[in-house]
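The values are calculated or read from the model by the stated rules, or taken from the named source; none is laboratory data. Just so we're clear, the structure is a prediction, and the values are computed from it rather than from any experiment. Positions of Cβ are generated from backbone atoms using ideal geometry, with glycine treated the same way; all protein chains shown enter the neighbour counts. Remember, those area values only see protein heavy atoms, side chains included, never the ligands or the DNA or RNA. Shrake-Rupley method; radii C 1.70, N 1.55, O 1.52, S 1.80 Å.
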Amino acid sequence: MAPILLNCMGNDHNEYIKQLVQVKNPYLDTMEEDILYHFSLGTKTHNLPEMFGDIKFVCVGGSSNRMKAFAQFIHQELEMPGNPEEVSDICEATDRYCMYKVGPVLSMSHGMGVPSISIMLHELIKLLHHAQCRDVVLFRLGTSGGVGLAPGTVVVTDKAVDYSFLAQFEQVVLGKVVTRSTELDEEVANELLQCSSELQNFPTVIGNTLCTHDFYEGQGRLDGALCSFSHEDKLEYLRKAYEAGVRNIEMESSVFAAMCRICGLKAAVVCVALLDRFEGDQITSSHDVLVEYQQRPQVLVSHFIKKRLGRAV
Ligand SMILES: O=P(O)(O)O[C@H]1O[C@H](CO)[C@@H](O)[C@H]1O
Ligand SMILES: O=c1cc[nH]c(=O)[nH]1
């Protein structure tokens, strides 16, 4: 089946992002009410502009504990009034995702994999649209497997690429493959790299991110319940990935990049490498080391936010 290329932003991208958050669905305007089912929020039951209209930064990541920790961390960093320990989960009526709002920052979990983050992004983008938010920047703060990188290195994604190292995301719609561009905002990526150089001992690179639909065979691991290839096959694929500019592997960047781009949202993917996949598959670092690694994307994005708000020292 020939893919349909839907790179709809083109040269208008920069103009577009100055506007309100755009949804690309004419049917939404005809609906009397929009229920954001997985967030337990809705346009009739909640005053979304009042609750969320001042949001400027949205940070998402797989784990609910990590995103609660980020909400508490940014609360301290922005010196918000009140106790950071008391941040409350806006989506507590559902256990699908968690959501914390700290001043202009929204921190949300998205679960693991493309289907989970894609559902969350549909509802998040509609939420930002209904709330009439403007000039919002989105960040995915994640973990990943490094490709030729020392563990602990932070990768700011240039392009999110698929299994054949193309910067595209394929979505099946009504039985047809719709292909969307996964290019991310270059300016935000460069600003993040600049921020990393202002932090002490903060190894950071810009590179392509391979987005897969599985953690084991899908990422060329030899330690899953199934393995249909050899060690040499794995190394050859990783070498090809490296040559194509891939520096890390994770599981959500492509749909995140594609959906944000189509809706005119500036976005960046910032993931720490937990291991070097040329060296192995199992994640063997201690709990404390892994916790510290996971904080690195949070520290970098917090520095970016503080600089944008004129609060960095
Ligand atoms: O650390 P998070 O954000 O969960 O992301 C990475 O970790 C998970 C796999 O362990 C996948 O979701 C992958 O994308
Ligand atoms: O190797 C890894 C580590 C974290 N997340 C992934 O998707 N892959």
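Data for the structure
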quantity: Out of Leu184, Leu166, sole residue that is open to solvent by less than 50 Å² (accessible area, probe 1.4 Å), modelled with pLDDT of 95 or more and among the aliphatic types (A, V, I, L, M); calculated: Leu184
quantity: Extreme residue, nearest to ligand 1 (Cβ to nearest atom), among residues of region 41-99 that are farther than 20 Å from Val301 by Cβ, open to solvent by 60 Å² or more (accessible area, probe 1.4 Å) and not in a loop (DSSP other than H, G, I, E, B); calculated: Glu85
quantity: Residue check for Leu149: under 21 Å from Gln298 (Cα atoms), touching a strand residue (DSSP E or B) at 6+ places or on another chain (Cβ under 7 Å), modelled with pLDDT of 95 or more and surrounded by fewer than 17 Cβ atoms within 10 Å (Cβ to Cβ); calculated: no
quantity: Helices (runs of 4 or more DSSP H) completely within region 180-262 that count 1 or more residues being of a type outside the set (D, E, K, R) and within 16 Å of ligand 1 (Cβ to nearest atom); calculated: 231-243, 253-262
quantity: Those residues of region 266-291 which are assigned to a loop (DSSP other than H, G, I, E, B) and open to solvent by 10 Å² or more (accessible area, probe 1.4 Å), in sequence order; calculated: Phe278, Glu279, Gly280, Asp281, Gln282, Ile283, Thr284, Ser285, Ser286
quantity: Failed criterion for Gln132 (all others in (1) open to solvent by less than 60 Å² (accessible area, probe 1.4 Å); (2) touching a residue at least 40 places away in the same chain (Cβ under 8 Å) hold); calculated: (1)
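Residue-by-condition table, conditions (1) touching a Cys at 6+ places or on another chain (Cβ under 9 Å); (2) within 13 Å of ligand 2 (Cβ to nearest atom); (3) in contact (Cβ under 8 Å) with a residue 12 or more places away in the chain:
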{"residue": "Val173", "(1), (2), (3)": "no, no, no"}
{"residue": "Lys176", "(1), (2), (3)": "no, no, yes"}
{"residue": "Leu184", "(1), (2), (3)": "yes, no, yes"}
{"residue": "Val188", "(1), (2), (3)": "no, no, yes"}
{"residue": "Ile206", "(1), (2), (3)": "no, no, yes"}
{"residue": "His213", "(1), (2), (3)": "no, yes, yes"}
{"residue": "Gly220", "(1), (2), (3)": "no, yes, yes"}
